[in-house]
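Enquirer: Next up is a structure, given as structure tokens.
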Amino acid sequence: MRPGADVLPAGAEVTRPVAVIIGPPGAGKTTVGTLLAGRLGMPFLDSDTDIEERAGKPIPEIFVQDGEPAFRALEAEAVAAALDRHGGVLALGGGAVMTAVTQTRLAGHTVVFLSVSAAEAAARVGLNRDRPLLLGNVRAQLKALLEARLPTYRRLATAIVHTDGRTPDDVTDDVLAALRR
């Protein structure tokens, strides 16, 4: 049996993501997405990594040098390209889903929202300086981001998987189960 056979029809050529992972910083999108792709025998793409490669610089530098609007434009382009062409598992940056064009593009995709509490996300993120929207009081910033984004995450999700107090392997098990439904 080929990897991912219980999720995809035999002989299916994948030209769009099998799953799009969304959620706030600290939810585990990259970790779980990487594990999921490995279990399915498919490639993994993190939209933030793709943006950095396209821009030739890290996201914090894009924010400082070019501003958040420039970053969001690069992000929307990278996400659109990945949704059209990436045949595997795709993890989006936490704020990618907040643009109307990305929300529209996600229609018809399998979108998995990794839900995490602000306290758990803060513990996971710590004082990570690579997250420009979380500089300063990380816990307060995460709480504000969650309050603003939670309705959108829930609305776009075709599946919601809770991550608090769980291992990445356990979360990945639940994502796989959701893909099989």
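Computed from the coordinates by the stated procedures, all read-outs in this text should not be read as laboratory data. Since this is a predicted model, take the numbers as computed values, not measurements. Neighbour counts run over all protein chains shown; Cβ positions are idealised from the backbone, glycine included.
Enquirer: Amide H of residue 162 versus every other amide H placed in the peptide plane: which residues, excluding those fewer than 5 positions away on the same chain, fall under 5 Å?
Expert: 115
Enquirer: How far is it, in nm, from the label point at residue 119 to the one at residue 150 when both lie 7 Å from their Cα along the line to the Cβ?
Expert: Output for this residue pair reads 1.4 nm.
Enquirer: Treating only the Cβ of Lys, Arg, Asp and Glu as charged (+1, +1, -1, -1), what charge dipole size does region 34-133 show about its Cα centre? Round to the nearest 20 debye.
Expert: Working: 9 positive and 13 negative charges, 53 e Å.
In debye, rounded to 20, region 34-133 gives about 260.
Enquirer: Related question: Bin by bin, in steps of 10 Å, what percent of the Cα pairs in region 141-181 do you find, going until the bin that has the longest distance?
Expert: That works out to 26, 43, 30, 2, in percent per bin.
Enquirer: Let me ask something else. Would you please give the residues with an amide H less than 5 Å from that of residue 91, counting only those at least 5 places away or on a separate chain, with H modeled from the backbone geometry?
Expert: Here 21, 45, 46, 47 satisfy the definition.
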